[in-house]
Structures are given as C-alpha cells and as structure tokens.
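Asks: Mind having a look at this structure? Questions to follow.
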Amino acid sequence: MTFTAMKLKKSLLLISVLCGVATAFASELKQGDVWTDTDGNPINAHGGGILFHNGTYYWYGESKGENTYRSPGIDWECFRTDAGGVGCYSSKNLKDWKFEGIVLKPEIENTRSDIHPTMVIERPKVIYNDSTGKFVMWMHIDNAAYNYARCGVAVSDSPVGPFVYLRSERPNGSECRDMTLFKDIDGSGYLIYSSEGNSTLHISKLSDDFLSQSGVYSVALKNQSREAPAIFKHGDFYFMVTSGCSGWSPNEAEYAVASSIMGPWKTVGNPCSGKDSDKTFYCQSTYVIPVSEDGSEDYVIMFDRWNKSNLIDSRYVWLPIKVDGENIDIPWNENVPSFKD
Ligand code: DGJ
C-alpha cells in the first residue's frame, strides 16, 4: 500500500514497541460495514466529499431521511428520501469522525425553496477560497423527477457552517446533475458535472470567488454517458473516475486521464481490480482524498455502496489508488485503509 501512513508504520510500530503502547494502525473497520461517528451513530454523509483545512478533515455528504420511497409517477427506479440537507463530520485522522451537525439545513417552511425536503440535494462538495476566506459548497439540486437539473451554491465563514444557500443555476446554460468540485494547486476552482441529459461531462472554471461560473468551460467524455465524477491530480496528470448511468444500481467504473483539467480527456478503462471489479465492488465513485499532507502522493477513493430500498443505510467503501504514470489501479481490499494517527 502506498500511504504515507503505511510508510511510517514500521517506524511507529518500533516506537510503539519501545514505548509499550499499542500501535495506532490496527484497523478493525471493514468496507461496507456500518461506520459510526464518535457518538456511536451511523455516519449519514452520502455522495460526499472531503475538505482538508488547517489540519482537520471535514466530510460533507447528503443527509438521507429515515424513509425511502419511490417518487410517484416516474417510470424508472426513482427511489428517494426527503432531502435532509448536508451533514458534516470532522476528523484529524480520517478514522474518528465527530458529527458537526447539518451544516446546510433544508428549508422546511418554504415549499418553493430549492432545498425544501421534497427536492433533491445530492453530492455536496466544499472547497476553500484562499482570497475571500470563505468555504464554498456546490451541490446537485433537483426536483423529485430529476428534470430541474441544476447545481446549487452555498457559502460559509466556517468549515462547520452554517452554510447560507445562495441560488441554483444551470452552469453556462447547461443541465447539471452528478457533480464534483476540484481545486487546483494554483487556487482555481472547477465544477465538473454531468450535462446534456447525462450524456456528456462539462468542466467549468469557477469565478475567482467560486460563487459563480467564470464563463470558461469545456466538455469531456462526449456522449459517453458518465456520472459520479471524482477527480485528482498526480504529477503532470489529472485523473477522473466515473460511473456509468444506471440509477442506484452499480455498473463498471472507468477512468480518464488528461494533462490539463480542461482536457482533452482520454478514457483508459476500468480502474478497479479484484473481486466484483466489473461492478465497482457494488459501489459508485464520489470523491478522491489526497491523503499525504502536501497532497502530492497518496490517494484514497471514496465510494458509496447504495441501498436503494433503504437509502439511509447506504454504506461506504474507501480504497487506496495506486498511481503509475498515466495509469491507476484500485485493487479490492475488504479492510479499510489504516490512516495516520
Ligand atoms: C445516480 C447518481 O449518481 C446518484 O447521485 C443519484 O442521483 C441516483 N442516480 C438517482 O437515481
């Protein structure tokens, strides 16, 4: 395994033995088990992403409601829960997660609000704007039939909220569904989203304050019907893992590589290997966490293992990514990677 933590493991084990303390690296956590927060409650942060800020990791995700039901009058498997806003958990070690609350609350009184419980709030991601000092959240906003197809933006002075919802839009006039954010090392922000009836991904450079689009955008994976984008950069290359479009049901992941975030993106193939890799381990991508402190070395991909008939009980699968030049490999491992403490 390529984690910084793993590189330190041997020396820390030695120190542990010398000091007579238990190793910090014994991971009892299994992929797809119920992962609990520090209060012992199941973590409810689906389609999520991670912000690393001032030594703390913040995990933002969809807060699913207790009841899963099918949207009436829709002929595809449109399972949903009431939109419960965006939850946040914080951790110093990517292992012990403290619930920080619902940092973007649904607007219950206003039935016309984008973030009313009858709407869809999915795949929230947060990046920090170095110039304004604000934390900016973008998310997929939709109606129960998924034909509103917009992205919403919210802002906060603190990583743990409260986030103030500003508005939704169709970026550059185009539909927006599954999405992610990417902040490049020069501080620029990008919104990457499934568009044109989910046939094509768009990559839109955000404005300097991250609160709107700059007007500069490109298309990627044209007519390849990809969703659930998760992006990271290693060395000279940008990598994007995506899923196919099959609702809550798993399909085969693919990855693409580019030497510029704006493309051109070249599809390489399935990054997953081992048991059930043709079905992405019964999961769907959502985010890639740069694990090492300088963000340059080690990467963990976050997947959701959806439970469409009980969405709040969807589980999490996190796996290390092995990078070799323009190629990546995500081998199956039933154990959750051990992180530094
Ligand atoms: C697949 C998407 O990736 C999910 O985020 C969600 O929108 C489901 N479709 C809904 O069916």
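Asks: What does the charge dipole of the chain about its Cα centre add up to, to the nearest 20 debye, if the Cβ of each Lys and Arg holds +1 and the Cβ of each Asp and Glu holds -1? If you can, show how the numbers build up before the last one.
Replies: Details: 32 positive and 43 negative charges, 32 e Å.
It works out to roughly 160 debye.
Asks: Net charge around Val257, counting only other residues with Cβ within less than 12 Å of its Cβ (Lys, Arg = +1; Asp, Glu = -1)?
Replies: Value of the local net charge: -2.
Asks: Also, I was wondering about something else. How large is the helix-only mean residue ellipticity at 222 nm for the chain, computed as the sum of -39500 (n - 2.57) over DSSP H runs with n ≥ 4, divided by its residue count, in deg cm²/dmol to the nearest 500?
Replies: Here the helix-only value at 222 nm equals -1500 deg cm²/dmol.
Asks: Still on this model: With a/c under 1.5 counting as rounded, go ahead and sort segment 210-271 into rounded, prolate or oblate using the C-alpha gyration tensor (a ≥ b ≥ c being the square roots of the eigenvalues; past the cut-off, prolate if a/b is larger than b/c, else oblate).
Replies: Oblate, because a/c is 1.5 or more while a/b does not exceed b/c.
Asks: Probe radius 1.4 Å, ligands and nucleic acids left out: which of Trp248, Trp35 has the largest accessible area, and how do the rest follow?
Replies: Largest to smallest exposure gives the sequence Trp248, Trp35.
Asks: Still on this structure, I have one more. Roll a 1.4 Å probe over the protein chains and send me the accessible area per residue for the chain in Å².
Replies: Values: 14230 Å² over 341 residues.
Counting only protein heavy atoms, the per-residue value for the chain is 42 Å².
Asks: Evaluate the charge dipole of segment 252-325 about its Cα centre and quote only its size in Debye, nearest 20, assuming +1 on the Cβ of each Lys and Arg and -1 on the Cβ of each Asp and Glu.
Replies: 320 debye
Asks: Once Rh for segment 252-341 is found with the Kirkwood sum over Cα pairs, what is the Stokes-Einstein diffusion coefficient at 10 °C and 1.306 mPa s, in µm²/s?
Replies: Once the numbers are plugged in, D ends up at 112 µm²/s.
Asks: Let's test this: bin the Cα-Cα distances of the chain at 20 Å from zero up to the farthest pair and state each bin's percent.
Replies: Pair shares across the bins are 32, 61, 7, 0.
Asks: Round to the nearest 10 and give me the degree value, 0 to 90, for the angle of helix 4-19's Cα axis relative to the longest principal axis of the chain.
Replies: Once rounded, one gets 40 degrees.
Asks: Give the relative contact order (percent, whole number) for the chain; include only Cα pairs under 8 Å separated by 6+ residues.
Replies: That works out to 16 percent.
Asks: Using the Cα atoms of segment 59-209, I'd like the radius of gyration and the largest Cα-Cα distance, Dmax, both in angstrom.
Replies: 15.4, 47
Asks: Distance cut-off 26 Å, Cα to Cα: go down the list Lys92/Lys266; Lys125/Lys222; Lys266/Lys308 and report the pairs above it. Please report the intermediate quantities before stating the final value.
Replies: Details: Lys92/Lys266 36 Å; Lys125/Lys222 24 Å; Lys266/Lys308 32 Å.
As for pairs spanning more than 26 Å Cα to Cα, those are Lys92/Lys266; Lys266/Lys308.
Asks: Report, to the nearest whole %, how much of the accessible area of the chain belongs to carbon and sulfur atoms, 1.4 Å probe, protein only.
Replies: Taking all protein chains in place, the chain shows 50 percent carbon and sulfur surface.
Asks: Pull out a ≥ b ≥ c, the square roots of the eigenvalues of the alpha-carbon gyration tensor of segment 125-268, then state rounded if a/c is under 1.5, prolate if not and a/b is larger than b/c, and oblate in the remaining case.
Replies: oblate
Asks: So, one more: Which distance in Å, rounded to a whole number, links the C-alpha centroids of segment 170-216 and segment 87-165?
Replies: Using only Cα atoms, the two centres lie 16 Å from each other.
The values are calculated or read from the model by the stated rules, or taken from the named source; none is laboratory data. Keep in mind that this is a model prediction, so the values were computed, not measured. FYI the Cβ positions are ideal-geometry reconstructions off the backbone, even for glycines, and counts take in every protein chain you see. Heavy atoms of the whole protein, side chains included, go into the accessibility calculation; ligands, DNA and RNA do not. Shrake-Rupley method; radii C 1.70, N 1.55, O 1.52, S 1.80 Å.
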